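Written below as structure tokens is the structure these notes are about.
The values are calculated or read from the model by the stated rules, or taken from the named source; none is laboratory data. These numbers come from a predicted model, not from an experiment. Ideal geometry is used to build each Cβ from the backbone, glycine not excepted, and the neighbour counts take in all protein chains shown.
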Amino acid sequence: MKIRCLFFFLLVSMTLSAQDYLSALLPMPNRVEPGSGEDFIVTPKTVVTVDSDSLAFAASELRRILQERTGLSVTGTAGEGSVISLQVDPAMEGKEHYILSVERDRVVIKGATPGAVYWGIMTLDQLLLGDVCRSAGARIAPVYIDDAPRFAYRALMLDPARHFLPVKDVKFFIDQMVRYKYNVLQLHLTDDQGWRVEIRKYPALTAVGANRNPQGGNEGPDNGFYTQEELKELVRYAAERNVEIVPELDIPGHTVAVLAAFPELGCPHTESVQKVMGETVNLMLCAGNDKVYKLYEDIIQEVAAIFPSKRIHLGGDEAIIEENWMRCERCRALMKEKGYAKVSELMGYFFGRILPYVRDNGKEAILWCELDNIRMPVSGYLFPYPQDVTLVTWRYGLTPFCMDLTLQHGHQLIMAPGEYAYLDYPQWPGDLPEFNNWGMPVTSLETCYRFDPGYGRPATEQNHILGIMGTLWGEAIKDINRVTYMTYPRALALAEAGWTRMEFRKWDSFRERLYPNLMNLMRHGVSVRAPFEIGR
Ligand code: TNX
């Protein structure tokens, strides 16, 4: 018995001795210096001070975290106890650059913006999460962290168009992504299967387009939409946590839900929408119909007013132009009038008419990068895109071309290559949802971790890279538990790709830092996939 106890003691102490303030830092900060001297001690009399009203939310988050990690509710007033000071220092360079310094009498978290200070608090949370023995004694090891992201744009994408996700689930998703310093949530709000944003001028878009599955029930996973008020609340909730919401309205393909509401907006030769209800089919908006442009002028105006982000994503992907525009008399007449030799030139025409609406509302457009001139003979866009468009690279195998072309033509680029960033792909062979509708390659956690958003290119060829995005396409994602299961842990690997410079990224270190974070996510009720393969 004694020997067994001794063995148990040794095991526990070995495990615990591996735990320190570095154990759960994820993404790894770009500069961490161990401090010296004694620990900072949290007591109920510890005071949280702020030097700006804009830090009120950050302070409340900090108190919540201290309570969760140390069990103490910190309610001290000035002059009473040890101090945790939150400071906005506009002189600091970089919007997300923060400094977290822990000394015996004082913790300081400062940054140029409240968002940067918030990231510092997320890092402090991970110091406490990793350093379990100290945290249990309400102590924090001295340390100096001076950290800023490698890329300014670190996004995850949700697809409530395919399966609707209620607002509370989207908030839950945001709660998790901010632990890992993601700062953009792209909401794919429209697709064949559903139209999810209230447009007051055109109630049919949601009355018809949000309820396309008669069996789906109200607010079921298949039916439902966000009111403008709900979206504004979501924007506010996200902004408090330093997350910007970028709306996506996918055009001119992926538009069956719009066509269900307004069948006359398709090319006249295409089948009636009634016949294809419920299926994902390759119908498009007609490029030669002026009503299409008027509709989107109004929609973009309303959407621009809901979302303060300067960016609106307008899709542009997988437009089946051969079946739609090429066979359409109106589109063909338009091609002739404009002297176009290739139907893909109509994509330029289409966006040439749509993009001014984006600019008129003070916004910039993002589009999925399609390359007609490389490998996509039927659904592509003929480079160059209009100069002010930001592109997202996504197609398997095409990222090097997208990188070359965007560099050459001066576009900003977001990196979401299918090889690394597609969170709808299975994480391990055989780990499939109840259904999936396309043959998907496996993208393991380790594969995700190998993602270098710069693709190893010289620094001068990376300046146009805005950042990264993990995309969770929703065809096979019926609810929030499936959403988070597919997202985690791979989004932890992508978070580090977006934040941490390559010289500080090591798979073996990531693998160790992963475990406390997985446990923490599980403790917060997040369905994650256990990456058993990495322990074998
Ligand atoms: C391609 S990625 C799409 C989506 C699908 C996804 C499935 C992109 C721009 N378009 O519509 O959901 O593949 O992986």
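One residue stands out among those in the range 304-350 that are at positive phi and within 27 Å of the chain's Cα centre (by Cα): the one that is surrounded by the most Cβ atoms within 10 Å (Cβ to Cβ), which is Gly316. Can Leu413 be described as modelled with pLDDT of 95 or more and away from the ligand (no atom under 16 Å from the Cβ)? Considered against the rule, which asks whether it is modelled with pLDDT of 95 or more and away from the ligand (no atom under 16 Å from the Cβ), Leu413 comes out as no.
Applying the set (1) within 16 Å of the ligand (Cβ to nearest atom); (2) of a type outside the set (A, V, I, L, M, F, W, C); (3) not in a loop (DSSP other than H, G, I, E, B) to Asp404 leaves exactly one unmet item: (1).
Considering the range 420-441, the residues that are within 13 Å of the ligand (Cβ to nearest atom) and within 27 Å of Glu364 (Cβ to Cβ) include one that is surrounded by the most Cβ atoms within 10 Å (Cβ to Cβ), namely Ala421.
Residues in the range 178-232 that are within 16 Å of the ligand (Cβ to nearest atom), modelled with pLDDT of 95 or more and part of a loop (DSSP other than H, G, I, E, B): Arg196 only.
The set of residues in the range 309-354 being out of contact with any Leu (no Cβ under 9 Å at 6 or more places or on another chain) and part of a helix (DSSP H, G or I) consists of Glu329, Arg330, Arg332, Ala333, Lys336, Glu337, Gly352, Arg353. Taken over the range 490-518, the criterion of being of a type in the set (D, E, K, R) and in a loop (DSSP other than H, G, I, E, B) is satisfied by Arg501, Arg505, Lys506.
Pairs needed: first member in the range 328-348, polar (S, T, N, Q); second member anywhere, surrounded by 19 or more Cβ atoms within 10 Å (Cβ to Cβ) and at pLDDT 95 or above; C-beta distance under 7 Å; at least 6 residues apart or different chains. Pairs found: none.
From the set of residues in the range 83-134 that are among the basic types (Lys, Arg) and touching an Asp or Glu at 6+ places or on another chain (Cβ under 6 Å), which is surrounded by the fewest Cβ atoms within 10 Å (Cβ to Cβ)? The qualifying residue surrounded by the fewest Cβ atoms within 10 Å (Cβ to Cβ) is Arg104. Does any residue of the range 451-472 turn out to be modelled with pLDDT of 95 or more, aliphatic (A, V, I, L, M) and in a loop (DSSP other than H, G, I, E, B)? Scanning the range 451-472 turns up at least one residue that is modelled with pLDDT of 95 or more, aliphatic (A, V, I, L, M) and in a loop (DSSP other than H, G, I, E, B). Taking the range 379-399 as the range and being within 15 Å of the ligand (Cβ to nearest atom), in a loop (DSSP other than H, G, I, E, B) and either modelled with pLDDT under 85 or among the β-branched types (Val, Ile, Thr) (or both) as the test, the residues that pass are Ser379, Gly380, Tyr381, Val389.
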